[in-house]
Amino acid sequence: MNHNFPIKSMQEAVMREGCAVKLGLYIHIPFCRSKCSYCAFVSAAPRDDQEMDRYVNAVMTHIRASSNMARNRELSTIFFGGGTPSLIGGKRLALLLECIFETFSIADNVEITLEANPESATAELFQHLTPLGLNRVSLGVQSMHDEELKQLGRIHSVATVERAASAIREAGIPNVSMDLIFALPGQTVRRWEDTLQKILRLTPDHLSVYGLSFEEGTLFHRLNQKGRLEPVLDETYVRMYNRTRDLLTTYGFWHYEISNWSRPDRECRHNLIYWNQDEYLAFGAAAHGLFDGIRHAFISEKETYVRFHEQHQKQRDRLYFNPELLAEYKRLDVEEMASDVMIYGLRLIKGVSIDRFINRFGYSPRDRWQEAIDKFERQNLLEQKEEYLRLTPQALLISNEVLQYFLD
Ligand code: SF4
């Protein structure tokens, strides 16, 4: 079929690919036991069990009200993110999973991910979830040195990480990811490499490795503003990143996204939905979704989100996109969607498929961004390999400088 003609709406772009397009589902759990020094996410400690029960009930009410959203579509991924989803315990998470299964069609090979922190990743937690198909855990490790964990404001120790890793393996979870942070204030390249070596002994299938940034609203940002906490030198940052790439490649990991490495066939399929700008529904306070060409986010005020669902539990004409619950609702036009596909897709080491881009939008990236692409190719920051346009290795650490040119 020849799609090489302009299209007018986002719906048309979605329809061209039809039901074959993957559909994900994200649930946000906005609870954490305490606040880490570098964290700008929406999360707070739960007051008591009742607060967590009410939140889970509200999310289930929202899910049931949205059964019409994915007719004729199967969920290919389910992701519990936060916050600290493992904190609410196996019984509540199992209720949420059962509610999803009752409401939507589920693909046979669905990927179900739980973000967990070491102190709450226990055998008891997994007893509730592995029978329901939990098959991926993303463990927030961050460092394998106790004093660095303390500096980050984490409440776990290296010993807790090791216990959690054993519990996950004993539960038979086939895909285990671990999150790490490098470029901590005062950290040396050797110290960082030591964390990597120690984490590799725990045999993860996937690693997400991010450089520390000083986000506004965090303790680290305030200390930095007062001159009491300095980031590592740029040169140290680059050496740490390059060392990560070399070491993980040596150990058989595939570098598939700027900050993510996996064993063969262990990429995070849910995050690939984000990077490919496929569709995903979202549930919970502060959860973000993309569906039917509409980028949306729900309000971050937990109590308002919960009360709304408590008051509208019996109402039949409730909607997924309820105006009272939305903090953002933006119908993307085709040009905006095409920009997002470039900006997110170029984060993938493989790059953006030009064929798929043409199929979705009716023109090639070169038709719209010829000047920028030529310039970056001359500077050896972008290259085309077969049907993929991608960043070169030397562009990975300055990706934002390249990506901003695809904003419009
Ligand atoms: S556990 Fe994660 S989400 Fe919670 S405060 Fe720490 S970094 Fe933020």
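Listed values, structure above:
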| read-out | value |
| --- | --- |
| Ordering of 304-314, 178-188, 321-331 by packing [mean C-beta count within 10 Å, highest first] | 178-188, 304-314, 321-331 |
| Total charge dipole magnitude, region 39-139, about the Cα centre, Cβ charges on Lys, Arg, Asp, Glu only, Debye to nearest 20 | 280 debye |
| Pairwise label distance in nanometres, Val189 with Gln394, each label 7 Å out on the Cα-Cβ vector | 1.9 nm |
| Kyte-Doolittle mean at least 0.0, axial Cα span of 15 Å or more - DSSP H helices of the chain | 90-103, 158-170, 334-345 |
| Unit charges at the beta carbon, dipole of region 10-275: most positive-side option, Thr160, Ala183, Thr61 | Ala183 |
| Most to least packed among 363-370, 344-351 [average Cβ atoms within 10 Å] | 344-351, 363-370 |
| With 20 Å bins from 0: P(r) over the chain, alpha-carbon pairs, percent | 25, 58, 17, 0 |
| Glu74 paired with Asn224, simple spin-label distance in nm, labels 7 Å along Cα-to-beta-carbon | 4.4 nm |
| Reduced Cα scattering model of region 336-406, Debye log10 I(q)/I(0), q = 0.17, 0.28 Å⁻¹ | -0.52, -1.57 |
| Point-charge dipole on Cβ atoms (K/R +1, D/E -1) for region 336-406, about Cα centre, debye to 20 | 140 debye |
| For the chain, calculated [θ]222 nm from helices alone, where every DSSP H run of n ≥ 4 adds -39500 (n - 2.57) | -11500 deg cm²/dmol |
| Extension gain (nm, one decimal) between Asp246 and Arg64, 0.36 nm per residue minus Cα-Cα | 60.8 nm |
| Fully extended contour minus Cα-Cα distance, from Asp374 to Asp108, at 0.36 nm per residue | 91.4 nm |
| Charge dipole magnitude, Cβ of K and R +1, D and E -1 - the chain, Cα centre, debye nearest 20 | 380 debye |
| Net length gained if the chain between Asp234 and Ala123 were fully extended (0.36 nm per residue, minus Cα distance) | 35.8 nm |
| Cα Rg, Dmax (largest Cα-Cα span) when computed across region 82-121, Å | 11.5, 33 |
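A short reminder: the numbers here are calculations on the coordinates, not readings from a lab. On a predicted model such as this, the values are computed, not experimentally measured, just so you know. We place every Cβ from the backbone using ideal geometry, glycine too, and count neighbours over all the protein chains shown.
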